Amino acid sequence: MTEKIIMAGFGGQGVMSMGQLLTYAGMIENKQVSWLPSYGPEMRGGTANCAVIVSDSPVGSPIITGDATAAIVMNLPSLVKFEQNLIPKGNLIINSSLIEEQPKRDDVTAYFIPANEIANEIGNSKVANIVMLGAYLELTKVVSVDSVIEALKKVFGPDKQHLVPLNKEALERGAAAVK
Amino acid sequence: MAKVLMKGNEAIAAAAIKAGCKHFFGYPITPQNELPEFMSRELPKIGGAFVQAESEVAAINMIYGAAGTGARVMTSSSSPGMALKQEGISYCAGAELPCVIVNISRGGPGLGGIQPSQADYFMTTRGGGNGDYRHPVYAPATLQEAVDLTMEAFDVADYYRTPVIVMGDGMIGQMMEPVEFKETTRRDLPVKDWATTGTEGKRKPNIINSLALDPAELEKHNFKLDARYKEMEEKEVRHEMYKVEGAEVVMVAYGTTARIVKNAIDALEKEGIRAGLIRPITLWPFPMKAFKDIPETAKALLSVEMSTGQMIDDVKIANEGKLPVHFFGRTGGMIPAPEEIMDKVKEILGGGK
């Protein structure tokens, strides 16, 4: 098993932390993992993306070029830029709250998740990224939801444990959206 | 100790502290800023000092001063900043001052860009500063290796009384991987009886200096340093061989590029094409002897770099004219894709099978 996931959106949508959570969860499960951010002279609201690899065998290059098994796109520029990186039958998870357009590729499996609406329904617009992650996990089962929760607890630190239930709900709602 | 998920820059900084680094002097530059940031947060907690200098030149000269007291010290920068440090590195080499210097390199020349690059090979292995000196250069390809080699670098620096460079690129600095801080078996290190720690009126003052106006004296000093460099060439060379047995094309690549080359080798294998990799872990001393182990199946060497071709010079020296030496590189912050490298291998073999 090797999952190569591109996560992309605009700055502030939590694509970097979504990637780190998945990477952390993979590490907890003793899988081989890497996380590679885009870095550049970006401004607030500019584009952000990261590449996450979770595998049973050692990770070679942490760069994902034309071999992404999944892309999680939070806004339109990300869809336009990254759908081409997917392998045929790859999972394309689209934030339909902000993306009205259809993907150009017809050889990938697209899922439309109204992540912002779902996040608002459960009371915090900031967890749209976690909703998307929940959908991805349901589709691939690359790590367990429990491991992501475990990772969340470590990343949040002792002061923010009260945010764990909200994030758990976001993961569940994301999963329900692709069931 | 359990594994932790860290950014490369932070992992190198944490490894340095674990190795006993107490003082850090630096000046900000992308893509290595998380390293000084980590040091600024953590060093005060252990009674060390973090100083943000007014320039890279100031930082390397603070290294000269602090290393002279016998403390374990580090500075870090990225390519244009490293260019500024070269004078100070030469002075540290001349004055036999142990220190560890990290270069998280980026595209050049000049200010260049901020994306990953390996175009500092010449500057780093050929002596960017003046004079007859060398220093070990470690080129980790994974964050675990970056941690292990950084810790090792402090021992090597103390053992040989030399500056040691740890060179990654922007990708090594910015990516996250799980790392473990292992307890290493330490070398037997000489007492730093040369350090300027105060005589307390009991001994002659130690003098740390790189000026020697008497040519006979300076030559003697140069020969002493050279004997150490020869010992390093004998004892400190490190490399990895990957699927070299039976390979038709043997690639040579280090750091980030070596990881991409491994992907290309695995993909070529699935197409029935045998390729292998010699991965220098020390860029100086260069693993010349590894080239003696290239099997007779090899038809050509291919140096793959994120530059227009710098390490290829060492590959040619090591090859001793035996095999044709080819080159593939991307530069300016562009990262080669496995497919491009595979195409080059097929081209070398005459358009594939």
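Here is a check on your reading of the model: is A:D67 among the charged types (D, E, K, R) and more than 14 Å from chain B (Cβ to nearest Cβ)? Steps first, answer last, please.
Details: among the charged types (D, E, K, R): yes; more than 14 Å from chain B (Cβ to nearest Cβ): no.
The answer is no for A:D67.
Six or more apart or on different chains, Cβ atoms under 7 Å: show the pairs whose first residue is in region B:164-193 and in a loop (DSSP other than H, G, I, E, B) and whose second is polar (S, T, N, Q).
Final answer for the pair search is B:M175/A:S34; B:E180/B:Q144.
When residues of region B:160-211 are filtered for being under 17 Å from the mean Cα position of the chain (by Cα) and away from every other protein chain (no Cβ under 14 Å), how many remain?
8
Only one of (1) closer than 18 Å to B:A11 by Cβ; (2) more than 9 Å from every other protein chain (Cβ to nearest Cβ); (3) part of a loop (DSSP other than H, G, I, E, B) is not met by A:P62, so which one is it?
Only one criterion is unmet by A:P62, namely (2).
If you scan region B:264-290, which residues turn out to be buried (at least 21 other Cβ atoms within 10 Å of the Cβ) and assigned to a helix (DSSP H, G or I)?
B:A264, B:I265, B:L268
Conditions tested, residue by residue: (1) in contact with a strand residue (DSSP E or B) (Cβ under 8 Å, 6 or more places away or on another chain); (2) at pLDDT 95 or above; (3) within 14 Å of chain A (Cβ to nearest Cβ); (4) within 25 Å of B:G350 (Cβ to Cβ).
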| residue | (1), (2), (3), (4) |
| --- | --- |
| B:V252 | yes, yes, no, yes |
| B:G255 | yes, yes, yes, no |
| B:K270 | no, yes, yes, yes |
| B:T282 | yes, yes, no, no |
| B:F286 | yes, yes, no, no |
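Sort out which residues of region B:22-43 are more than 17 Å from B:M62 (Cα to Cα) and either among the β-branched types (V, I, T) or surrounded by fewer than 24 Cβ atoms within 10 Å (Cβ to Cβ) (or both), and write them in order of number. Spell out how you get there, then give the answer.
The first filter runs over region B:22-43 and keeps only residues more than 17 Å from B:M62 (Cα to Cα), leaving B:29-35, B:37-38, B:41-42.
Scanning region B:22-43 gives B:I29, B:T30, B:N33, B:E34, B:E37, B:F38, B:R41, B:E42.
Please find, within region A:47-57, the residue that is farthest from A:Y136 (Cα to Cα) out of those that are away from every other protein chain (no Cβ under 11 Å) and aliphatic (A, V, I, L, M). Don't jump to the end; show me each part of the working.
First, pick out the residues of region A:47-57 that are away from every other protein chain (no Cβ under 11 Å): A:47-49, A:54-56.
Applying the additional criterion that residues be aliphatic (A, V, I, L, M) yields A:48, A:54.
Numbers: A:A48: 19, A:V54: 13 Å.
Taking the candidates together, the pick is A:A48.
Taking into account only those residues within region A:5-46 that are assigned to a strand (DSSP E or B) and within 11 Å of another protein chain (Cβ to nearest Cβ), which is surrounded by the fewest Cβ atoms within 10 Å (Cβ to Cβ)?
If we take residues in region A:5-46 being assigned to a strand (DSSP E or B) and within 11 Å of another protein chain (Cβ to nearest Cβ), then A:Q32 is surrounded by the fewest Cβ atoms within 10 Å (Cβ to Cβ).
Please pick out the residue among A:E117, A:E100 that is farther than 17 Å from A:A68 by Cβ and either among the polar types (S, T, N, Q) or assigned to a helix (DSSP H, G or I) (or both). Working first, answer last.
Values: A:E100 fails: either among the polar types (S, T, N, Q) or assigned to a helix (DSSP H, G or I) (or both).
Within the list A:E117, A:E100, the selection yields A:E117.
For region B:146-158: of the residues being of a type outside the set (D, E, K, R) and closer than 15 Å to B:V237 by Cβ, which is surrounded by the most Cβ atoms within 10 Å (Cβ to Cβ)?
The residue in question is B:A153.
The values are calculated or read from the model by the stated rules, or taken from the named source; none is laboratory data. Please read these numbers as outputs of a predicted model, since none were measured by experiment. Here Cβ is always computed from backbone atoms with ideal geometry, including for glycine, and neighbour counts include all displayed protein chains.
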